[in-house]
Amino acid sequence: MSSNSFGKLFCVTTFGESHGPAIGCVVDGCPPGLTIDAAEFRTDLDRRATGKSRYTSQRHEADEVEILSGVYEGKTTGTPIALLIRNTDQRSKDYGEIAQTFRPGHADYTYWQKYGIRDPRGGGRSSARETTMRVAAAVIAKKWLTERYGVRVRGYLAQIGEITPEGFDWDAVEENPFFWPAAAQVPVLESYINALRKTGDSVGARVNVVAEGVPPGWGEPIYGKLDGDLASALMSINAVKGVEIGDGFAAVTQRGSEHRDEMRLDGFTSNHAGGILGGISSGQPVTASIVLKPTSSILIPGHSVNLAGEPAEVVTKGRHDPCVGIRATPIAEAMMALVLMDHALRHRAQCGDVGVVEPRIPGQSPS
């Protein structure tokens with residue numbers, strides 16, 4: 001299976017399956033001298049993990065990171081950083097009944113057509129378990145971006161089913177299991193997910209991610225557009241079916257006089273473009289949204305076919321999320337951070353000796 005690596009100067013390669021002995025990644029291109037230790041991975045891995053609340057899958061993984069290479073005496077050496085996490089809570093028997101049947105909406109059928117080999121244990125390589133290593137790699141990227149440029153990447157759940165936030169407070173996001181920015185609505189979400197779980201069904205979600213402090217100039221004009229690479233990275237997340245940069249599809253109904261981000265000496269008057277113009281960062285916050293489809297593995301019977309080409313009925317048992325978007329926020333943050341670090345290094349390599357070009361319009365103040 002090819003295409004398990006992404007990034008040019010900051011390159012991440014992941015490996016492993018949902019129910020294999022371990023998952024891991026190799027991070028190549030990290031500059032030397034960054035202080036890092038295994039304990040620093042804990043916060044973001046806990047934010048992504050299953051089993052941390054009753055509203056996600058009840059799979060409980062230790063997610064203890066082993067740093068195998070690339071770090072000496074607590075600092076990165078500039079050589080490849082190998083990270084390993086051993087799987088500790090697989091229940092492969094949950095998938096025994098569907099080993100010969102394709103789950104509707106899942107990657108079973110397409111993987112079978114491509115490779116001719118079926119690994120039914122938790123989805124194998126297509127499982128969201130793989131995203132654990134993206135989050136781990138992004139811990140390195142987030143720290144470097146913050147220390148080197150003051151960039152801060154954070155996200156939140158912006159919609160679940162038909163429910164949208166009634167108000168917004170960044171401080172509320174980390175205080176509830178939904179990454180929801182309106183604390184007063186958390187009981188509503190709890191009731192919503194509990195009711196959904198009882199029906200055996202699932203629902204989709206929207207996650208917004210914002211990077212503040214991104215300097216102007218990152219990105220390329222054509223094939224290495226910052227928004228193009230960001231869209232590709234976000235679309236690579238499991239279950240993502242749509243990506244927006246800035247206002248995204250809302251631009252369909254906007255006039256040019258409204259959508260264009262006018263400039264004044266004290267800054268931009270709006271940020272409809274999401275902090276990226278012509279594929280290059282403008283100095284404003286970089287904003288993106290992803291839409292995640294409803295979980296395909298549900299308890300409601302569905303029509304399918306089996307490996308023998310016969311009609312079959314599928315009921316997917318096991319431990320699954322009623323809404324995968326609930327824990328997608330750290331993953332979206334991770335992909336944003338990884339893309340930004342790659343582009344920061346690429347900009348530094350080609351244009352690092354370009355001084356501040358006037359006029360330099362201040363970025364829009366963070367919300």
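In this structure the amide hydrogen of residue 276, modeled in the peptide plane, comes within under 5 Å of the amide hydrogens of 282, none closer than 5 places in sequence on its chain.
Database remark: amide H of residue 268 closer than 5 angstrom to the amide H of 364 (H placed geometrically; neighbours at sequence offset of 5 or more, or on other chains; Pro and chain starts carry no H). First check a/c for region 90-234, with a ≥ b ≥ c the square roots of the eigenvalues of its C-alpha gyration tensor; if it is under 1.5, answer rounded, and if not, answer prolate when a/b is larger than b/c or oblate otherwise. The shape class here is oblate.
Under the convention that each Lys and Arg Cβ holds +1 and each Asp and Glu Cβ holds -1, the size of the dipole of region 92-351 around its Cα centre is about 800 debye. Using only alpha carbons, build the gyration tensor for region 229-288 and give me the equivalent ellipsoid semi-axes, biggest first, whole Å. Three semi-axes, in Å: 24, 14, 7. Ellipsoid semi-axes for the chain, based on the Cα gyration tensor and the rule √(5λ), read 35, 25, 19 Å when sorted largest first.
Normalising the average separation of contacting C-alpha pairs (under 8 angstrom, six or more residues apart) by the number of residues puts the relative contact order of the chain at 21 percent.
When the Gaussian network model of the chain links Cα atoms closer than 10 Å, the mean-square fluctuations of 180, 218, 112 top out at 112. With an a/c value of 1.5 or above and a/b larger than b/c for the gyration tensor axes a ≥ b ≥ c computed over the alpha-carbon atoms, region 166-305 is described as prolate.
Full extension of the chain between residue 272 and residue 186 yields a length gain of 28.1 nm, computed as 0.36 nm times the residue separation minus the alpha carbon distance.
Subtracting the Cα-Cα distance of residue 253 and residue 79 from 0.36 nm times their residue separation leaves 57.8 nm of extension gain. If R0 equals 35 Å, the separation of the Cβ atoms of residue 38 and residue 313 corresponds to a calculated FRET efficiency of about 0.15. GNM on the chain, alpha-carbon springs under 10 angstrom: the most fluctuating residue among 172, 82, 233 is 172.
Across 30, 11, 351, mean-square fluctuation computed from a Gaussian network of the chain (C-alpha pairs under 10 Å connected) peaks at 351.
Each reported figure results from applying straightforward, stated rules to the coordinates on display, with no laboratory input. Worth saying up front: this structure is predicted, and the values here are computed from it rather than measured. No Cβ is skipped: glycine too gets one built from the backbone with ideal geometry, and neighbour counts run over all protein chains shown.
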